[in-house]
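A short worksheet on the structure shown next.
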Amino acid sequence: MTTDAEIEALKERITSLRTEHHDLDAVISRMEESRIFEDDQLHRLKKKKLLLKDQIVSLERKLDGSPASLTGARPVY
């Protein structure tokens with residue numbers, strides 16, 4: 001059974017990961033718009049963004065009643 005403190009810690013971690021995911025998305029968008037980037041660099045950033053999304057989904061599944069745990073679907077960020 002998950003304690004209230006553990007639930008709160010999961011929520012805080014999810015919030016932090018969502019912020020990082022959003023910030024990374026903005027960086028990727030700016031890079032693509034400017035067209036000044038290395039393909040390898042952009043690929044690494046996109047891969048990191050996907051890993052962040054996977055971490056978010058995994059943590060959400062640990063929380064009771066989360067949309068991801070109920071449907072098995074990945075939320076859109």
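The values are calculated or read from the model by the stated rules, or taken from the named source; none is laboratory data. In this text, all values refer to a predicted model and were calculated from it rather than measured experimentally. Don't worry about glycine lacking a Cβ; one is built from the backbone with ideal geometry, like all the others, and counts go over all protein chains shown.
Looking only at segment 1-37, which residues are over 19 Å from L63 (Cβ atoms), assigned to a helix (DSSP H, G or I) and either basic (K, R) or in contact with a helix residue (DSSP H, G or I) (Cβ under 9 Å, 6 or more places away or on another chain) (or both)?
If the condition is that a residue be over 19 Å from L63 (Cβ atoms), assigned to a helix (DSSP H, G or I) and either basic (K, R) or in contact with a helix residue (DSSP H, G or I) (Cβ under 9 Å, 6 or more places away or on another chain) (or both), then L24, D25, V27, I28, R30, M31, E32 are the ones that fit.
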Single residue of L17, L50 found to be touching a Leu at 6+ places or on another chain (Cβ under 6 Å) and at pLDDT 90 or above: L17
Any hit, segment 35-45, residues being under 13 Å from the mean Cα position of the chain (by Cα) and either surrounded by 10 or more Cβ atoms within 10 Å (Cβ to Cβ) or free of Cβ contacts under 8 Å to residues at least 40 places away in the same chain (or both): yes
